[in-house]
Amino acid sequence: MIDFKKTIAKSIAEAIKIDEKELETYIEIPKDTNNGDYAFPCFRLAKELKKAPPMIANDIKNNIKIDEKFIEKVEVAGGYLNFYIQQSVMVKDVLEEIANQEEYGKSEIGKGKNIIVEYSAPNIAKPFHIGHLRTTLIGNSLYRIYKYLGYHTIGINHLGDYGTQFGKMIEAYKMWGEEYDLSVDPINKLMDMYVRINELCKKDENVLERCRENFRLLEAKDQYCVDLWNKFKDLSMVEFNKIYDILNVKFDSYKGESFYADKMDEVIEKLNEKGVLKESEGAKIVDLTDVGIDTPCIVQKANGSSIYATRDLAAIMYRAKTYDFDKCLYVVAYEQNLYFKQIFAVARYLVDEKYVKGLEHVSYGMVNLPTGKMSTRLGNVVKIEDLINETIEKAKEIIIEKNPELKNKEEVAKKVGVGAIVYNTLSTTTIKDQIFDWDTALNFQGETGPYIQYTYVRTKSVLEKAGYIPKIGEVKFDNLLDETSKNCIKLIYNFENTLVQVTEKEEPSILSRYLIDLAKAFSNFYNDNKILVEDKDVQNARVYLTYAVGKVLKIGANLLGIEMPDKM
RNA sequence: GUGCUUAUAGCUCAGCAGGAUAGAGCAGUCGCCUCCUAAGCGACCGAUGGGGGUUCGAGUCCCUCUAGGCACACCA
């Protein structure tokens with residue numbers, strides 16, 4: 001598509017002697033559309049050119065040669081130079097691209113690059129609660145977006161299936177195994193056992209010691225422990241997969257911590273070779289004060305068993321070798337900020353610089369309840385399963401009220417309910433804490449997933465009524481020059497750019513907001529213009545725009561993990 | 001205590017790597033369905049935590065204060 005910004009930068013560069021690339025970064029999009037489509041602020045040139053900004057703007061205006069094919073006019077407004085692009089050219093450009101590209105916005109910019117996204121990573125034997133929603137959905141959408149931009153993307157569910165916690169679970173099972181029937185609702189029962197054993201460990205140091213010993217046995221491949229561990233794992237995966245299925249989340253690999261059980265010696269050896277392995281209070285550590293981290297990284301516990309850092313380091317080595325990654329993203333909550341700094345710092349002793357540079361912690365904020373922190377022990381967690389059921393139920397009620405004739409109500413309710421959850425989770429900046437409350441989660445009005453879906457459904461409905469989608473050659477672009485059409489076109493024009501921004505900032509919320517903006521723009525268009533009208537030319541143009549908006553909404557929503565119903 | 005991080009309207013959030021008059025949604029009040037789905041559209045109401053500084057220009061950068069959150073060696 002035409003790069004208007006670049007075109008403008010080029011013509012400014014010809015008028016004054018400043019690097020085109022530099023100029024391009026100065027050009028901005030005015031908030032107020034009265035100030036044009038692109039603007040160039042001249043203030044920063046004032047010192048250099050020793051002239052007042054409005055004079056500079058005037059000078060440029062007088063010297064600039066604009067290509068009237070692309071730019072309608074240039075105006076001086078104070079120290080700004082405002083560019084108004086030829087709307088019909090943009091309309092043509094955008095709609096032809098829609099017509100020619102089945103997957104609009106898809107790109108090859110990531111070709112040849114390998115991106116690992118590690119996300120979700122739940123702990124075995126613990127229930128999935130809304131605290132896990134962010135990592136799961138942020139990771140899922142980053143995965144989809146990278147892929148759409150042509151990157152070779154690997155989604156990894158780094159299951160929490162190893163560690164002392166399993167020593168605890170084994171101990172709990174030894175003590176109280178007969179009390180629980182694990183054939184029904186296993187996760188909650190395992191959870192119950194886990195809570196019990198933790199309480200006991202706090203009171204009784206001997207029990208904790210037995211738990212650690214169990215884990216040591218598990219690492220030593222003790223059959224009883226291994227069997228039990230497998231059992232817990234299988235039971236948990238069945239439950240997790242149900243959730244992933246509903247949320248439409250997929251992974252390429254489920255290699256969790258246990259996978260690295262036999263790959264950790266290599267880590268220790270290599271660190272030893274490099275001479276950075278030190279002993280401290282019986283444990284093996286790597287000192288990191290040289291990079292300003294005061295807390296050393298423990299890679300082996302005093303009793304000789306491994307620790308999570310060892311497994312993550314082994315994973316980095318394995319992934320570097322197996323996937324030759326350009327980026328390896330860890331979608332993990334910010335409580336682990338220091339931890340990731342540590343292992344990334346240790347990684348420089350284990351893998352090439354290229355890989356170290358590619359390691360990135362996508363750190364997101366905590367989810368709290370209005371009453372405060374969630375705590376599994378206090379029992380005030382909101383389980384994902386409950387959330388899903390409630391939102392789907394609510395969606396169904398609304399469907400019955402608003403559209404009683406609708407077929408496949410169940411299916412639509414599922415899409416709408418899940419859409420609400422996904423949007424809700426992905427609508428805010430990842431780093432910030434989120435407060436979960438039921439009123440917001442169950443609200444389907446305003447800036448929500450269902451709003452985006454509803455807008456899409458409207459486009460489908462119009463197209464169905466129209467009964468056809470015009471051929472692009474039959475569309476007279478001049479019929480889309482009004483303000484509301486223009487807003488839609490501009491947004492569609494910016495779609496790919498929006499996706500790129502998401503990957504630059506590892507921030508899916510940028511796409512969420514974009515989709516709301518597009519849905520709003522279309523709602524305005526829809527309200528101001530009758531689409532199906534007498535005048536064939538006008539109708540063709542409007543129907544085509546409707547088709548284009550629907551297409552982008554659907555693609556964009558899918559990249560977030562939101563499915564679109566055709567009717568609702 | 002040290003480090004990291006957050007603070008924008010009654011509530012939940014935007015603010016395009018410093019630019020023009022700080023935008024939405026929810027809640028509240030009011031208006032719009034003989035017309036393509038009112039899960040919609042429009043209007044009203046209402047805000048940058050305090051204090052310094054850098055700059056032609058600061059919600060955005062720096063310092064400081066205040067208030068929250070997180071982390072700080074054998075849990076993950």
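The alpha carbons of chain A occupy a box of 83, 66, 41 Å along the principal axes, longest dimension given first. Pairs from the list A:Lys31/A:Lys147; A:Lys414/A:Lys551; A:Lys5/A:Lys357; A:Lys73/A:Lys106; A:Lys202/A:Lys231 with a Cα-Cα gap above 24 Å: A:Lys31/A:Lys147; A:Lys5/A:Lys357; A:Lys73/A:Lys106; A:Lys202/A:Lys231. When the helices of chain A are scored as -39500 (n - 2.57) per DSSP H run of n ≥ 4 and the total is divided over every residue, the value at 222 nm lands at -17000 deg cm²/dmol. A DSSP coil position with no more than 12 other Cβ atoms inside 10 Å describes the following GluC sites (Glu not before Pro) in the range A:404-509: A:Glu405. The range A:220-287 and the range A:1-60 have Cα centres lying 54 Å from one another. Computed about its Cα centre, the charge dipole of the range A:4-85 is approximately 220 debye, with only Lys, Arg, Asp and Glu carrying charge at their Cβ. In chain A, a dipole from Cβ-located charges (positive for Lys and Arg, negative for Asp and Glu) runs towards its positive end, and of A:Ile469, A:Gly139, A:Tyr260 it is A:Ile469 whose Cα lies farthest in that direction.
With respect to chain A, whose longest principal axis is taken over its alpha-carbon atoms, helix A:536-560 is tilted by about 20°.
Round to the nearest 0.05 the FRET efficiency obtained for A:Thr428 and A:Arg348 when R0 = 56 Å and r is the Cβ-Cβ distance. E between A:Thr428 and A:Arg348, to the nearest 0.05, is 0.95. An ellipsoid equivalent to the range A:4-85, defined through the eigenvalues of its Cα gyration tensor, has semi-axes of 17, 14, 12 Å when rounded to whole angstrom and sorted largest first.
Relative to the longest principal Cα axis of chain A, at what angle does helix A:495-505 sit, 0 to 90 degrees, rounded to 10? The angle comes out near 40 degrees.
Measuring from centroid to centroid over Cα atoms, what is the spacing of the range A:118-136 and the range A:334-401 in Å? Using only Cα atoms, the two centres lie 7 Å from each other.
Greater than 25 Å separation of Cα atoms is the criterion. Which listed pairs, A:Lys505/A:Lys554; A:Lys407/A:Lys460; A:Lys168/A:Lys341; A:Lys126/A:Lys284; A:Lys6/A:Lys65; A:Lys530/A:Lys554, meet it?
A:Lys168/A:Lys341; A:Lys126/A:Lys284
None of the figures in this text is laboratory data; all of them are computed from the coordinates on show. Everything numeric here is computed off the predicted structure, so don't read it as measured data. Positions of Cβ are generated from backbone atoms using ideal geometry, with glycine treated the same way; all protein chains shown enter the neighbour counts.
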